[in-house]
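What follows is calculated from the coordinates using simple rules that are stated; it is not laboratory data. These figures come from a predicted structure and were not determined experimentally. We place every Cβ from the backbone using ideal geometry, glycine too, and count neighbours over all the protein chains shown.
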Amino acid sequence: MSQDVYYETNYDEILSRLKFGTYEAIATGWNDSIAEQIIHALLLHGQVLAGDLLDRIATQQEEGVTDQISTGATKPVENYRAMKVSSTLVRLLQDSYIRPSTAMQHVSRRDRELAHEAALRRSFKGIPTAKTLKEFKLKVAHLIDEEDSRESEAPDQATNDVRLGLKRKATTNPPQAKRSRKEYHVDGSAEPQDNSVMWDVDRSVWLRVNYDRFNVQIRNDMIVRAVSQKYNPTTGEVFRAALANDSPGTLRCELDDRSSPVSINTIVQSLPAGLKLQRGLDKRSLLDDRADSQPTAAELVADYIAILTGQDNISSSVQSTRFLAPFGTTTTTSASGAAKVPTSVTIEYGNILRSLQLQLVHDVVITRFGPMAGRIFKILLERGKLEEKHISKIGLLSMGETRDLCARMFAASLLSLQEVPKSNERNPQRTFFLWFVDFRKCKTWLSDHYCKTIGRLIQRRLFERSRKSLLLRKLERSDVKEDTDGLLTDWERESLAVLHTVLESLATVEVRVVLSNFLLDHFP
């Protein structure tokens, strides 16, 4: 008996491919050519057998590697490259930048969600409400993330190894292995001791890129830029050190609402060398009665913690706007004399990302409808549902201007209208019309426009390349590649320079739009 098969578009996979360039840029920032080649190969092919990946990367000879090998080395260059590739692959697996490809990951996530939701509904007694259904969806998302993490990162029961894809090296003579590592190091010295020395890659495992780990890196970079713009670059570096000490958990980054506790001493140890902490603080706020000694780094970091936790804000809204939250009851004193600064904090990812999303939508409202519309939008976000006369009074606007701007934003799906009748007759003349912001609807509207913009940018890039197709085909010839300046005319070189400028501008705009859409659509 035949069974119907249904198909659906996996939007996450499509949008992830738009960030492949950003993923490779992150890998390039590691200053490790082998890791960059591994990430590039996995992004290009989707998933690759570990043995094939090791052989392929090891055979790609790095320029100048022969000159870097010590003259006392007795092993060939190929073995040195294979050892370096294996060590890099182990480190990427341990850091979860790549992960084993399991059978569960090839099952549609939507099918798994439907199965778990059906099981929860069967176990629930009574009729589930809308709030209960929302809790079901959140619980199902946690269950699926835990299943994926348990399957790909849990210890392998068959081989009793640390996790799937790694296996212990069979070393019968540890001192000899240590001497071998000394021989093959580039500068002739022994490699530093790390966990990758004890493990090897299982060549029979299929590997793929862990998109969520790179998304965490993109999210952290966005947060650091936001903190630097709101305060100053030094505060951004302090926040980067706090982010570096938060190890990613089993949940996806979009469900990670709060980090694990981070102490001040841990942040101090992670600060970059040469960072002047006093530059980001007002010198007048520092204590002046200690002329014989300078404040310690921990005391200066405590000042930044006090700022980021909103310690001077006594309003009730601080809990939804602060970037850091106190953890525990232990406190310390900062360089400015502020008491009761927490020694451990948690990073409030939910508050930070929500404020970035609000700022993004608010900027779009101002750009499209003007500053007065931005004022109305912000008032409704802060106050909730209001009538036109209250909006006009709070925003210091005329009734006609308020009505016109609200109607225009309502037509653009940025504002919603709630009707509250005074009686059962529902007479329009005896009805309150309340304006409010449905932020989820606003995000959907803006995300839809971002996706259309990305499509137009891709079409424009293809159009620009098609206009210079003859010149681009000429550049692919082997003789032109060897002597580009000699075989191209002045007009062709000028046209090529103009084309590169246009394509670079389009790529820059596309990356910005993709990252803005990632911030808006990826996080709740």
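Structure summary
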| quantity | calculated |
| --- | --- |
| Computed FRET value (nearest 0.05) for S423 with I394, which takes r as the C-beta separation and R₀ as 25 Å | 0.35 |
| Of W491, S336, L475, farthest towards positive along the dipole that unit charges on Lys, Arg, Asp, Glu beta carbons give the chain | S336 |
| Where labels lie 7 Å past Cα in the beta-carbon direction, separation of R408 and M198 in nm | 6.5 nm |
| Semi-axes of the equivalent ellipsoid for the range 317-431, Cα gyration tensor, largest first, Å | 40, 18, 13 |
| Estimated translational D of the range 213-347 in µm²/s (Stokes, Kirkwood radius over Cα pairs; 37 °C; 0.692 mPa s) | 212 µm²/s |
| The chain: antiparallel DSSP beta bridges as a percent of all, rounded to 5 | 100 percent |
| Paramagnetic reach from R461 in the range 31-45 [backbone N under 20 Å; point 7 Å along Cα→Cβ] | 39-45 |
| Chain lengthening between N10 and R168 when straightened (0.36 nm per residue, less Cα-Cα) | 53.2 nm |
| Neighbour-count ranking [beta-carbon atoms within 10 angstrom, fewest first] of I307, I379 | I379, I307 |
| Hydrodynamic radius of the chain per Kirkwood, over alpha carbon pairs, in Å | 28.1 Å |
| Between helix 50-59 and the chain: long-axis angle, C-alpha atoms, 0 to 90°, nearest 10 | 60 degrees |
| By average C-beta atoms within 10 angstrom, highest first, the peptides 10-17, 442-449 | 442-449, 10-17 |
| Eligible lysines near K389 by straight Cα distance, threshold 28 Å, same-chain separation 8 or greater | K378, K422, K441, K443 |
| Between helix 490-522 and the chain: long-axis angle, C-alpha atoms, 0 to 90°, nearest 10 | 60 degrees |
| Shape category assigned to the range 358-397 from the gyration tensor of Cα positions, a/c cut at 1.5 | oblate |
| Order of R240, R110, R122, R258 under a 10 Å beta carbon neighbour criterion, fewest first | R122, R110, R258, R240 |
| Helix-only mean residue ellipticity at 222 nm for the chain, each DSSP H run of n ≥ 4 adding -39500 (n - 2.57), per residue, nearest 500 | -18000 deg cm²/dmol |
| Contour excess over end-to-end distance, with Cα ends at N79 and F20 and 0.36 nm allotted per residue | 18.2 nm |
| Net charge contributed by nearby residues that have their C-beta within less than 13 Å of K468 (K/R +1, D/E -1) | +2 |
